[in-house]
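Here the structure is laid out as structure tokens; the discussion comes afterwards.
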Amino acid sequence: MIGFQLTRRARPSRAMQWLSPILAVALTLVVGLAVFAALGQAPARAFHAFFIEPVSDANGIAELLLKASPLCLIALGLAIGYRANVWNIGAEGQMYIGGAFATGLAITFQHDIGMALLPLMIIAGAIGGMAWAALTAFCRAQLKADEILVSLMLTYVANLVVKYLVYGPWQDPQANNFPLTVSFEDNALFPLLASLGWSWFDGTRLNLSIFLTLAAIPLAWFFVQRTFMGFKLEVGGLAPGAARYAGFSARGTVWVAMLIGGAAAGLAGVTEVAGPLGQLNDRWTPGYGFTAIIVAALGRLNPLGIPLAALLMALLYLGGEAAQITLQLPKAISLVFQGLLLMFLLGCEVLINFRVKRVARPAPAAAKT
Amino acid sequence: MKRWKAGLAGAIFAAGAAAVTAVGAADPLKVAFVYVGPVGDGGWTFAHDLGRKALEKNLDGKVKATFVENVPEGADAERVIRDLATKGNQLIFTTSFGYMDATLKVAKSFPKTEFYHATGFKSASNVTIYNSRMYEPAYLSGIIAGNVSKSGVLGFVASFPIPEVVRNIDAFTMGARSVNPKITTKVVWVNTWYDPSKERQAAEALIGQGADVLLQNTDSSAVLQTAQDKGVHAFGWDSDMSAYAPKAHLASNVEVWGGYYTRAVQAALDGKPLHDNVWGGIKEGMNDLVAVSPELPEAVRKAVAAKKAEIAAGKFAVFSGPIKGNDGTVKVAAGKALTDKEIDSINWYAEGVEGQLPK
Amino acid sequence: MSGSLTPLVASALAAAVPLVLAALGELVTERAGVLNLGLEGMMLMGAVASFMAAAHGGGLGAGVLAGIGAGAAGALVFAVLTLSLQASQVATGLSLTIFGTGLSAFLGRDYVGSRARATFDDLPVPGLSDIPGIGPLFSLNAVGYFALVAIVAIAWFLYRTRLGLVVRTVGESPTVARSLGMRVARVRYGATLFGGAMAGLAGSYYALAQFKMWQEGLTSGNGWIALALVVFSTWRPVRVAVGALLFGGVTAMGLYLQTIGIQVSTFLLASLPYLATIVVLIATSANEQARRRNAPAALGKPFFDGD
């Protein structure tokens, strides 16, 4: 073997919880240095473009929050499910359907209902996401079909459902047969923070929906740490035998976990269509539902770690764009960089839970296998 | 003033004047391109990037053209476009339909920047639309197909039921029927712009139903590849695809953006930026049928070249009557031609196309 | 319809081969308890590596080896992170996908626009390949025949060999395996590398057989379908083949229906493969025991040898 030995720490190292991400970033910088130098780019400029530039002005910070917000929201919902060993992979599809529900409400009623429309859309979005997640929950809880496969397959179906709607019944008659709905009126849009008098956000796209996410963080924490249902889900995930013994319904767990994830994804869907997009088209979510899975894992399924992870992922995306614009770095390289950073982060986490020692030890005498 | 002070003042003045004129003369115009796919897609974005490279070559030193690739058409687009405008790009070309509203939104905040949006239909005082008439080379491809097809059945692998695609199907079929009035076209919708696996299976389905010449408006060469594997013929789309499948390849339908981009930037350099919406085809040099296969009979190549010349001279419009729809009704009367607006929102199949438009 | 059956079957088979390869590899990996979500990234790396090797004159042999090597290399990175450094398998796999997608796109930039220099040609079995209906089964290329063999070989390996039993034990309960003297980490490394190699081979198939070209994102999400197929198959090799055929076949069917003018929404037709997969899964799950699913019990859970 390689001559390193890991011993599990009695308690996760507090110091390492802060140091390991720093070490990961440092390692990525070192490798990135080599990569950028090989590409003929000044590494300092490249890192500046990646990490500093995107957040160097109010607009940048607003965009960072705008991008991190749906990632955080969905990840919070998914993490609750993952802790309960319910693997909802279909957040993308639930987001589509949630956005579609909200759109249906908007384009049908936006001229009839006034200010009440947006709250109704928010509720509709959550219901839409939950409805789509319910299909998976049903298949898993009642029919024992694996939720990973069902939720993933349903994501593709959700995409097609939305395409059907915008190419068909919901298509804007003025749109020259292009797949768009009518643009939403003001009462169907989340108000911009700038328009509410928060002048620091003037000129940015940050809107009221950020508060949905901000509210979701303590709610998720509270649910996981303090409610009985949260406890049941947790036990169901950690020790299913004990959960059954205690009478916690396994089916109930699946339903609750899927519905929470679906609601979160559906809400995120509303914040997109009623936010920066202002309408429904056939290609509007750049994989948020899947990125949120990484965010949940990176945030260690913790309602306090997830917002940080979401900010990091959002920064990586924005940095990749900035690197393209400022340095003409190919998009592929920014993906490489993202992947590297993520893998270093994950690798360095070992230091939190384990002590690493160099040992000189002979290969252990192998029992016949 | 003491001599040396005068000298110093003079030197400073001269240096300052030189600096000012140097800045004024040498600062290249910053322009930017927003791409929906990767430049390596060998298709739509690849063609735009060829145009950008041509622009840089034609106006060497006077322009600095950068690009951002793989920009999703949702909320991210607005951010990228805005970023480019903030960074001082004077002309921004957004090369996909899905950037339409984002372009308009950003244009409002940057009245001094010129925006050019491809394949859209909304314009503004500083947002100009441009598009190419892919249906013209598609018609020419139809002529070739009409001559080559032995089964009398053509196949079209189509992405989405939008006017741009429908008119290509129609033009292809009409071109083929001008040679063989009995030819029909089967259409398969794959509901994606790029998915080689799906495109391949669509081509296999069409070939299985007897199609022996295929055309597609999706972004990979999978259809062409499949055609070669199965011993039938096909065309390239968006770029010269002859290298992929030399035996099956008949010709490639391409957009040529370099000329337009050069014109647009030159106009801006001259202080008179282009504001007229442009929908150019073969005549304006914005479309072409290239790499016509040398295996084709001389007569066919002559016929295609002749038709191309007619289009280039403005003597032949693809959508000039009489044209019947595949439901039997007359869509364009004899002596009349569809207006650009009608072509832009076309929603019927021409006679010879099998089936109905999905709706 | 019988005249149309053969092209349908051929289309389904061609689509199924790479799915089977990647899914079989992942199946072995998961049987050992390791969940590798980096399949798409490894397939893309395999595709670009094999295309590049062939482009530089290495021929099919070098192409296939390069593809397998690239896939295995990606899996090695994954294995080090998850098996030695105890990182989260889900997050690491997804990161590897991002990394592999980006790296393949970057390396392949100069290779877009040309035909594969070495390609796999179909090797029809004389006589058998002309049987209407199942003829295409005997008209595959070398990799396709390998896939058929692999299904049987892996099933035999898992259920009839000692090492296969070791793999399954490690996946069901690593602590029991350890106490029996099995080297859990070593077995898992092997299973993971095997999975990566198969994914790389699937990638080579796309680059040198199916599409004979390289383009960014060539596998267009089929890695995720392969992952789903492993679940669908309830971790049994023969069912992987059934699932892949089902998926490819229903897709081909939907497209075929369009060509004969059936007036059904193309979006609905496009969703049929996914719905069909769900329906079949439900049907097969209903007959199972009350066990949660047939997943290896320790799937996705890190195992630390010092605990």
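Shape analysis of region C:108-194 based on the Cα gyration tensor places the equivalent ellipsoid semi-axes at 38, 22, 8 Å, largest first. What fraction of the Cα pairs in chain C, stated in percent, has a spacing above 34 angstrom? For chain C, the share of Cα pairs beyond 34 Å comes to 22 percent. Once the Cα atoms are used to define both axes, helix A:305-327 deviates from the longest principal axis of chain A by about 80 degrees.
Please express the shape of region B:130-249 as an equivalent ellipsoid: the semi-axes are the square roots of 5 times the eigenvalues of the C-alpha gyration tensor, given largest first in whole angstrom. Write out the running numbers ahead of the final one.
Numbers: eigenvalues 63, 60, 36 Å².
With the √(5λ) rule applied to region B:130-249, the semi-axes are 18, 17, 13 Å.
With axes computed from alpha carbons, what is the tilt in degrees of helix B:44-58 against the longest principal axis of chain B, rounded to the nearest 10 within 0 to 90? So the helix axis and the longest Cα principal axis differ by about 40 degrees. Full extension of the chain between B:Gln356 and B:Lys247 yields a length gain of 36.0 nm, computed as 0.36 nm times the residue separation minus the alpha carbon distance. Amide H contacts of A:Asn207: A:Leu193, each under 5 Å away and 5 or more positions distant or on a separate chain (H built 1.01 Å from N in the peptide plane; Pro and chain starts excluded). Taking Cα centre as origin and charging only the Cβ of basic (Lys, Arg, +1) and acidic (Asp, Glu, -1) residues, the dipole magnitude of chain B rounds to 1140 debye.
Points 7 angstrom from Cα along the Cβ direction at C:Ala286 and C:Leu165: gap in nanometres? Once both label points are built, they end up 3.6 nm from each other.
Once backbone amide H atoms are built at 1.01 Å from N, B:Gly236 has B:Met241, B:Leu250, B:Ala251, B:Ser252, B:Asn253 as its partners under 5 Å, excluding neighbours fewer than 5 places away on the same chain. Overall shape of chain B was characterised from the C-alpha gyration tensor. The equivalent ellipsoid obtained from it has semi-axes of 45, 20, 19 Å, in decreasing order.
How much FRET efficiency would the formula 1/(1 + (r/R0)^6) give for B:Glu298 and A:Trp221, where r is the Cβ-Cβ distance and R0 is 51 Å, rounded to 0.05?
Details: r = 78 Å, r/R0 = 1.52.
The formula returns an efficiency of 0.05 here.
Considering only A:Phe51, B:Val166, A:Thr285, the residue lying farthest towards the positive end of the dipole of the protein assembly as shown is A:Phe51, judged by Cα position with unit charges set on Cβ.
For the pair B:Lys108 and C:Val264, label points projected 7 Å from Cα toward Cβ lie 4.4 nm apart.
Shown in residue order for region B:98-108 are the 3J(HN,Hα) couplings computed by the Karplus curve 6.51 cos²θ - 1.76 cosθ + 1.60 at θ = phi - 60°: x, 8, 4, 5, 4, 4, 4, 4, 5, 4, 4 Hz (x for Gly and Pro).
Rounded to the nearest 20 debye, what is the charge dipole size of region A:67-322 about its Cα centre when +1 sits on each Lys and Arg Cβ and -1 on each Asp and Glu Cβ?
Working: 12 positive and 12 negative charges, 197 e Å.
Result for region A:67-322 is approximately 940 debye, rounded to the nearest 20.
How many partner chain Cβ atoms sit within 10 Å of a residue's Cβ in peptide B:224-235, on average, as a whole number? Intermediate results must be reported in sequence, preceding the final value.
Numbers: counts 2, 7, 5, 0, 2, 8, 2, 0, 0, 0, 0, 0.
Mean partner shielding for this stretch: 2.
Of the peptides B:212-223, A:26-37, the ranking by mean beta-carbon count within 10 Å, highest at the top, reads B:212-223, A:26-37. Exposure proxy ranking for C:Ser271, C:Ser139, based on other Cβ atoms within 10 angstrom of each Cβ and starting from the fewest, stands as C:Ser139, C:Ser271.
With the biggest extent put first, the Cα atoms of region A:67-322 measure 60, 41, 37 Å across the principal axes.
For region B:70-212, the gyration tensor built on C-alpha atoms gives a prolate shape. Its axis ratio a/c (a ≥ b ≥ c) is at least 1.5, and a/b is the larger of a/b and b/c. At a temperature of 10 °C and a viscosity of 1.306 mPa s, determine how fast the protein assembly as shown diffuses translationally according to Stokes-Einstein, using the Kirkwood radius over alpha-carbon pairs as Rh; express D in µm²/s, rounded to the nearest whole number. Roughly 53 µm²/s, to the nearest whole number.
Rg over Rh for region A:254-332 works out to 1.04, using Cα positions for both radii and the Kirkwood form for Rh. Neighbour counting of Cβ atoms within 10 Å sorts the residues C:Leu163, C:Leu103, fewest neighbours leading, into C:Leu163, C:Leu103. Taking one quarter of the surface of the convex hull spanned by the alpha-carbon atoms of region B:11-132 gives a direction-averaged projected area of 8.7 nm². Computed 3J(HN,Hα) for region A:210-225, one whole-Hz value per residue from the Karplus formula 6.51 cos²θ - 1.76 cosθ + 1.60 where θ = phi - 60°, is 4, 6, 4, 5, 4, 6, 5, 4, x, 4, 5, 4, 4, 4, 5, 8, glycine and proline marked x.
Computed with the Debye formula from one identical point scatterer per Cα of region C:1-145, without solvent, the log10 of I(q)/I(0) at q = 0.10 Å⁻¹ comes to -0.45. Taking amide H as placed 1.01 Å from N in the peptide plane, the amide H of B:Tyr130 sits under 5 Å from that of B:His117, B:Ala118, B:Thr119, B:Gly120, B:Val278, each at least 5 places away or on another chain. Note on A:Ala242 and A:Arg355: with the Förster distance fixed at 22 Å, the Cβ-Cβ geometry gives a FRET efficiency of about 0.15.
For the protein assembly as shown, with the dipole built from +1 on Lys and Arg beta-carbon atoms and -1 on Asp and Glu ones, taken about the Cα centre, which of B:Trp279, B:Ile183, C:Leu103 lies farthest toward the positive end? Most positive-ward Cα: C:Leu103. Of the residues A:Tyr96, C:Tyr145, A:Tyr288, the one with the fewest other Cβ atoms within 10 Å heads the list, and the complete ranking is C:Tyr145, A:Tyr288, A:Tyr96.
Set Lys and Arg Cβ to +1 and Asp and Glu Cβ to -1, take the dipole of chain A about its Cα centre, and tell me which of A:Tyr96, A:Gly114, A:Phe222 lies farthest positive. Of the listed residues, the answer is A:Phe222. Can you give me the distance in nm between label points at B:Asp270 and A:Leu214, each placed 7 Å from the Cα along the Cα-to-Cβ direction? Taking the simple label geometry, B:Asp270 and A:Leu214 are separated by 5.3 nm. Dividing the helix sum by the residues of chain A, where each DSSP H run of 4 or more adds -39500 (n - 2.57), gives a mean residue ellipticity at 222 nm of -21500 deg cm²/dmol.
Across peptide C:273-280, the mean count of Cβ atoms from other chains lying within 10 Å of each residue's own Cβ comes to 5.
Roughly how many debye, to the nearest 20, is the charge dipole of the protein assembly as shown about its Cα centre, given +1 on each Lys and Arg Cβ, -1 on each Asp and Glu Cβ, and no other charges?
Values: 80 positive and 65 negative charges, 614 e Å.
I would put it at about 2960 debye.
None of the figures in this text is laboratory data; all of them are computed from the coordinates on show. Here the structure is a predicted model, which means the values were calculated and not measured. As a convention, Cβ positions derive from the backbone with ideal geometry for all residues, glycine included, and neighbour counts pool all protein chains shown.
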